[in-house]
Amino acid sequence: MKDLSIFDIFKIGIGPSSSHTMGPWLAANAFRQDLNELKLSHLVSTIQVSLYGSLALTGKGHGTDIALMMGLSGFSIIETNRSDITNSINEINQTHKLALNNENTIIFNPSMNISWEFDNFLDYHSNAMSFSAIDSAGETLIQEYYYSTGGGFIDKGKIREQHDTFFIKGTGKELLDICIRKNINISDEILSREIVNFPQETIDTKISELWETMLSSIYRGISTTGFLPGGLNVKRRAPELNSKLLNGARYSNRAEWLNLIYTGEHSFDLTLQWISAIAIAVNEENADFGKVVTAPTNGAAGVVPAVLFYHLYLSSSPKSKEDIRRYFLVSGAIGILFKENATISAAMGGCQAEIGVSSAMAAAALTELHGGTPAQVMMAAEIAMEHHLGLTCDPIGGLVQIPCIERNSIGAIKAITASKLALASDPSDAKVSLDEVIDSMQKTAKAMHSDYKETSKGGLAITVGITEC
Ligand code: SF4
């Protein structure tokens, strides 16, 4: 039993998907750990994994099989880099052996040991998987079910792990009322709650790590040319966008690059293009198994960093050294509200649950940094989600590339527009509250056909005529 923290929403991990890559990786890690704790590891001869529903339908494109093998091999999703993945997966594919631990190397042939149950949707969640450890006599030693519920969250077994809600009953109104009563900002209130879990120094260190990881993914994204993996032959666009925007200006490291942007021209047109380039850079990295931060998911990992980048390097608004901390506290709090009261899983709610939520998170946080009241912060989140309601998830070829990468640019721009609108408005005139829009999102999620919920069975995924890559 654990309260949700902003650090549950923001997690460092490997792309391309928090639900289809990070979740299965962590589930495989957890299964391996259970085997060790139950002292069964040395008896295991092979492991059979079954993927169900959305995990089966789009798992190939999202690297679910790769994530499972890395997790079963004991790699940490935070510390592993792209070359570790390539080397380990090549070895397993060639030898059909997987090192479960230092003492036991098991038989594991991905084409035999991973079964893809395309038409089998388990009741609790569309992203389900089971692991069975089998001994040399063919007997099952243990079988466990895991569900990847979006944003890198996993639930084990058939009973959902219960979280104590972080916000008492978990509504935006309650959070807003507390801030109004205490006459404080939303970030102050969230900080006071996080301090119960971590000393402030730790909070600051963790937030710095998150922002550093985001900045690194941005810089790698604008520096890496070539094509994304998976067979769609999508060209990385961020480096070209970056060169055009810099118009020949030279730099030799990240600090110089940032300085060029900060001191460069910030017309509306150029600012708009920079925000798109930054969001695209992050999500091209994500699509290429790069290290990113869930915000709240991997597919939507570009929106929150692009909007903070806008504030720090492109906007003329005043800056303070507290801004990065406040931005993560507010955006994380909005992510928790959606996670607690609706969903951040595209397999449950379509893309409104990913890009829509990330846009609401960024809009709210930017609004506080730009001087908005807590009511305007809530209003910004509401506006951003209101205009993502019904957004489907239909990735072509099951890859987190089209429409996902561009969609992060659009989510970031909508977040900034929502923030500007809220800052210019009186929230007491608003007809729709954040809680009502969260409720609408949840109802829309429930009504949405499963073809549009990360199965690649509808929309763009079938209309453009590429179903497999
Ligand atoms: S369409 Fe949206 S929800 Fe679906 S994988 Fe892409 S970014 Fe994620």
Practice problem: With respect to residue 383, determine if the residue is part of a helix (DSSP H, G or I), out of contact with any strand residue (DSSP E or B) (no Cβ under 7 Å at 6 or more places or on another chain) and within 16 Å of the ligand (Cβ to nearest atom). | Solution: no
Self-check item: Residues located in segment 190-213, provided they are touching a residue at least 60 places away in the same chain (Cβ under 8 Å) and among the acidic types (Asp, Glu)
Solution: 194, 204, 209
Quiz prompt | Condition met for residue 337 (of a type in the set (A, V, I, L, M) and surrounded by fewer than 20 Cβ atoms within 10 Å (Cβ to Cβ)) | solution = no
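Of all residues in segment 376-398, which are in contact with a Cys (Cβ under 7 Å, 6 or more places away or on another chain) and either aliphatic (A, V, I, L, M) or over 17 Å from residue 344 (Cβ atoms) (or both)?
Going residue by residue through segment 376-398, those that are in contact with a Cys (Cβ under 7 Å, 6 or more places away or on another chain) are 391-393, 395, 397.
Listed by number, the residues that qualify are 391, 397.
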Quiz item: Which one is surrounded by the most Cβ atoms within 10 Å (Cβ to Cβ), of the residues in segment 112-134 that are of a type outside the set (Val, Ile, Thr) and over 16 Å from residue 58 (Cα atoms)?
Solution: 133
Quiz item: Just checking, how many residues over segment 286-305 are more than 10 Å from the chain's Cα centre (by Cα) and away from the ligand (no atom under 14 Å from the Cβ)?
Solution: 5
Self-check item: Checking residue 337 against (1) within 16 Å of the ligand (Cβ to nearest atom); (2) part of a helix (DSSP H, G or I); (3) under 16 Å from the mean Cα position of the chain (by Cα); (4) in contact (Cβ under 8 Å) with a residue 60 or more places away in the chain, the condition it does not meet
Solution: (1)
Quiz item: Among the residues of segment 36-89 satisfying the criterion of being within 16 Å of the ligand (Cβ to nearest atom) and out of contact with any Pro (no Cβ under 9 Å at 6 or more places or on another chain), which is farthest from residue 396 (Cα to Cα)?
Solution: 53
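Here is a yes/no grid of residues against (1) over 13 Å from residue 218 (Cα atoms); (2) surrounded by fewer than 16 Cβ atoms within 10 Å (Cβ to Cβ); (3) among the polar types (S, T, N, Q); (4) within 16 Å of the ligand (Cβ to nearest atom):
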{"residue": "245", "(1), (2), (3), (4)": "yes, no, no, no"}
{"residue": "267", "(1), (2), (3), (4)": "yes, yes, yes, no"}
{"residue": "283", "(1), (2), (3), (4)": "no, no, yes, yes"}
{"residue": "328", "(1), (2), (3), (4)": "yes, no, no, no"}
Quiz item: Which residues, taken from segment 394-407, are crowded, with 24+ Cβ neighbours inside 10 Å and out of contact with any Pro (no Cβ under 9 Å at 6 or more places or on another chain)?
Solution: 398, 405, 407
Quiz item: Right, residue 410: modelled with pLDDT of 95 or more and buried (at least 20 other Cβ atoms within 10 Å of the Cβ) or not?
Solution: no
Exercise. For residue 419, state whether it is surrounded by fewer than 24 Cβ atoms within 10 Å (Cβ to Cβ) and small (Gly, Ala, Ser).
Key: no
Quiz item: Inside segment 194-210, can you point out the residues that are surrounded by fewer than 21 Cβ atoms within 10 Å (Cβ to Cβ) and closer than 17 Å to residue 78 by Cα?
Solution: 205, 206, 208, 209
Practice problem: Would you check if residue 275 is assigned by TED's automatic domain parsing to the domain that holds residue 222, within 13 Å of the ligand (Cβ to nearest atom) and among the β-branched types (Val, Ile, Thr)? | Solution: no
Quiz item: With respect to residue 430, is the statement that it is surrounded by fewer than 19 Cβ atoms within 10 Å (Cβ to Cβ) and assigned by TED's automatic domain parsing to the domain that holds residue 217 true?
Solution: yes
Exercise. Within segment 231-239, identify whether any single residue is surrounded by 24 or more Cβ atoms within 10 Å (Cβ to Cβ) and in contact (Cβ under 8 Å) with a residue 24 or more places away in the chain, and answer yes or no.
Key: yes
Quiz item: Between a first residue in segment 74-90 that is assigned to a loop (DSSP other than H, G, I, E, B) and a second residue that is of a type in the set (D, E, K, R) and modelled with pLDDT of 90 or more, which pairs have beta carbons less than 7 Å apart while being 6 or more apart in sequence or on different chains?
Solution: 74/32; 75/84
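The values are calculated or read from the model by the stated rules, or taken from the named source; none is laboratory data. From a predicted model like this one, the values you see are computed outputs, not experimental measurements. All Cβ positions, even for glycine, are placed from backbone atoms using ideal geometry, and neighbour counts span all protein chains on display.
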